[in-house]
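Beneath this line is the structure, given in structure tokens, with notes to follow.
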Amino acid sequence: FNMKYFFLFFILSAFFFSCDSDDDINIDIQFRHFIDEEILALNNLVYTNQSGEIYSVQRLMYVLSDLRCHCKNGQILHIDNYKFVNLDDLNSLEIKNISLPSLCTSISFTFGFSNSQNTSNLYINEPNNFHNLMFWPDLIGGGYHYIKLEGKYFNSNQEEQFYNTHTGSFNGVDYSWDYTIDITETDYNLLYIDMNVNNFYNNPVYNFEEFGSGIMQNENAQQFIFNNLSDVFSIEIN
């Protein structure tokens with residue numbers, strides 16, 4: 001009789017100890033936006049880019065596609081085909097209750113869309129007015145914007161001028177950027193994907209006055225922004 005209970009206890013103990021302690025992990029992802037070390041505040045004409053121009057951000061919306069969590073047990077969790085972040089919509093600044101099979105050790109995503117995911121009218125029925133806000137004209141290649149970043153700056157005569165940093169696949173050239181960012185911490189339930197707006201303009205140094213107010217058809221400006229993308233995004237945990 002005692003041996004029977006001992007055997008049952010042994011089986012149950014073996015089962016519980018064999019379970020992966022990382023099972024049933026839930027995390028949230030939040031999207032934050034900075035000018036270097038300072039949290040971005042819209043409509044403040046106080047920020048300085050690498051060329052020394054003082055500027056503001058009035059509007060910011062962008063796309064991250066193929067958002068994935070790479071887990072410790074080797075599984076890759078596909079979170080979303082794309083995430084549309086729009087600072088005018090607070091609900092777009094987070095993804096809640098992501099259930100992971102084990103600890104997330106890296107995050108991967110594409111800034112914008114690769115060409116295979118970026119054809120005209122592909123997302124015409126998507127929520128949050130995505131199509132109307134982000135379509136890219138067929139005349140210059142079609143598909144969708146990667147980002148709309150707009151505001152004002154002081155030109156060399158100290159006059160307020162409008163700028164927009166609108167990027168996309170200009171005439172079929174893919175200016176998207178693939179990120180894989182490692183996570184070394186092991187104890188967290190909130191993960192931040194952070195954007196440093198100034199890093200769009202840092203190296204090579206981008207000048208609003210030189211490129212003018214609109215760059216959608218400016219191949220040189222599109223290439224400048226593309227060359228700056230490697231350090232725009234980073235990961236923090238809480």
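See the values below:
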| quantity | calculated |
| --- | --- |
| One residue from K96, K83 being at negative phi, surrounded by fewer than 18 Cβ atoms within 10 Å (Cβ to Cβ), in contact with a strand residue (DSSP E or B) (Cβ under 7 Å, 6 or more places away or on another chain) and of a type in the set (K, R) | K96 |
| Region 96-114: number of residues that are of a type outside the set (F, W, Y) and within 12 Å of the chain's Cα centre (by Cα) | 4 |
| Test set (1) over 21 Å from D28 (Cα atoms); (2) touching a strand residue (DSSP E or B) at 6+ places or on another chain (Cβ under 8 Å); (3) polar (S, T, N, Q) - S234 fails condition number | (1) |
| Subset of region 150-174 that is among the hydrophobic types (A, V, I, L, M, F, W, C) and open to solvent by 30 Å² or more (accessible area, probe 1.4 Å) - its residue that is farthest from the chain's Cα centre (by Cα) | F154 |
| Condition broken by I147, with the remaining ones in (1) under 22 Å from Y206 (Cα atoms); (2) more than 23 Å from the chain's Cα centre (by Cα); (3) of a type in the set (A, V, I, L, M, F, W, C) satisfied | (2) |
| Of all residues in region 181-204 being over 17 Å from L149 (Cα atoms) and either touching a helix residue (DSSP H, G or I) at 6+ places or on another chain (Cβ under 7 Å) or at pLDDT 95 or above (or both), the one that is surrounded by the most Cβ atoms within 10 Å (Cβ to Cβ) | I193 |
| Those residues of region 112-121 which are exposed (fewer than 15 other Cβ atoms within 10 Å of the Cβ) and either at positive phi or free of Cβ contacts under 8 Å to residues at least 40 places away in the same chain (or both), in sequence order | S116, T119, N121 |
| Positions within region 205-221 being in contact with a strand residue (DSSP E or B) (Cβ under 6 Å, 6 or more places away or on another chain) and open to solvent by less than 30 Å² (accessible area, probe 1.4 Å), in sequence order | F208 |
| Residue ID - farthest from T119 (Cα to Cα), chosen from residues in region 46-78 that are among the aliphatic types (A, V, I, L, M) and surrounded by fewer than 18 Cβ atoms within 10 Å (Cβ to Cβ) | V46 |
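Okay, residues lined up against (1) of a type in the set (G, A, S); (2) within 20 Å of S56 (Cα to Cα):
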residue: N196; (1), (2): no, yes
residue: F200; (1), (2): no, yes
residue: E209; (1), (2): no, yes
residue: S213; (1), (2): yes, yes
residue: E219; (1), (2): no, no
residue: D231; (1), (2): no, no
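The values are calculated or read from the model by the stated rules, or taken from the named source; none is laboratory data. This one's a predicted model, so the numbers in the text were calculated from it and none came from an experiment. Note that each Cβ is placed from the backbone with ideal geometry, even for glycine, and that neighbours are counted across all protein chains shown. Ligands, DNA and RNA are excluded from the accessible area calculation, which covers all protein heavy atoms including side chains. Shrake-Rupley method; radii C 1.70, N 1.55, O 1.52, S 1.80 Å.
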